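Worksheet: the structure to be examined is printed underneath.
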Amino acid sequence: MTKKEIYIVRHGQTDLNKRGIVQGRGMDTNLNDEGRKQARQFFEAFGDVAFDKIYISALRRTQQSIQQFIDLGIPYEKLSGLDELAWGIHEGQPATAENKAAFLQLMRDWMDGKLDSKFEGGESPNEVKARQQEALKVIISHPEEKTVLICMHGRAMRLLLCLLTERPLTEMDSFPHQNLVLYKVNYDGKKFEITDFNNANHLKIS
């Protein structure tokens, strides 16, 4: 039976995060100075964990966030199934009253169970869930990888945590997050259980 301890973190801060601009799957941004500091803080707190494998999205901000672990020689793999949800035409756009209203309406749709709703050129929660299920198959298919680190994205992480805990995607907002926050999940071979919820203690170290 495959048992795993899985550490799931969101990537560190980027300039678009700082400015409150939506990134999404189509924006391949870099960490800013604060994001690099968060990456160092996470490594200082968890650099002694014996990770067997690291999984990241195809977007460079996830690799930059855990590069110090990769530099230790820990094998890593990019899975596009871990990419952020695509926000389509709204990616990289400055926040306006119009944009905010559109996002608010989309969030309402999702909370109301309209999980196929999406922006033009973007993805729905159901579409993200489908590719996350494929990524999860890959991660679970390696029984020799007992301790795993996953670095991904905010909205996608919320959806993945719903998937792992068998909660409906309408409850995605019950998983708060900030840049480089940690969720720890135990897998007993059948079920996933969150053992560390929205842990930001490592970011409080100066």
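Read-outs throughout are calculated quantities, based only on the coordinates presented, and are distinct from any laboratory measurement. Everything numeric here is computed off the predicted structure, so don't read it as measured data. In this analysis, Cβ positions are derived from the backbone assuming ideal geometry, glycine residues included, and neighbour counts consider all displayed protein chains.
Once the Cα-Cα distance is subtracted from the 0.36 nm per residue extended length, the R36 to K204 segment shows a gain of 59.0 nm. Using a Gaussian network model of the chain in which every pair of alpha carbons under 10 angstrom is joined by a spring, one finds that among D33, D116, D71 the greatest mean-square fluctuation is at D71.
Couplings for the range 155-166, taken from phi via the Karplus curve 6.51 cos²θ - 1.76 cosθ + 1.60 with θ = phi - 60°, read 5, 4, 5, 4, 5, 5, 5, 5, 4, 5, 8, 6 Hz in order; Gly and Pro are left as x. Exceedance of the 19 Å cut-off in Cα-Cα distance is limited, within the set K78/K114; K137/K190; K100/K129; K137/K191, to K78/K114; K100/K129. Computed from the C-beta positions of Q105 and D15, the FRET efficiency with R₀ = 35 Å rounds to 0.85. A135 sits among other residues whose Cβ lies under 12 Å from its own Cβ, and their net charge, with Lys and Arg +1 and Asp and Glu -1, is +1. In this Cβ point-charge picture (+1 for Lys and Arg, -1 for Asp and Glu), the range 4-204 has a dipole of about 220 debye about its Cα centre. Excluding the site residues themselves, the longest part of the chain lacking any GluC sites (Glu not before Pro) in a DSSP loop with at most 15 other Cβ atoms within 10 Å is 1-119. Here M152, M27, M107 are placed in order of increasing Cβ neighbour count within 10 Å, fewest first, which gives M107, M27, M152.
At q = 0.09, 0.11 Å⁻¹ the log10 of I(q)/I(0) for the chain amounts to -0.32, -0.49, computed by Debye summation with a single uniform scatterer per C-alpha, solvent ignored.
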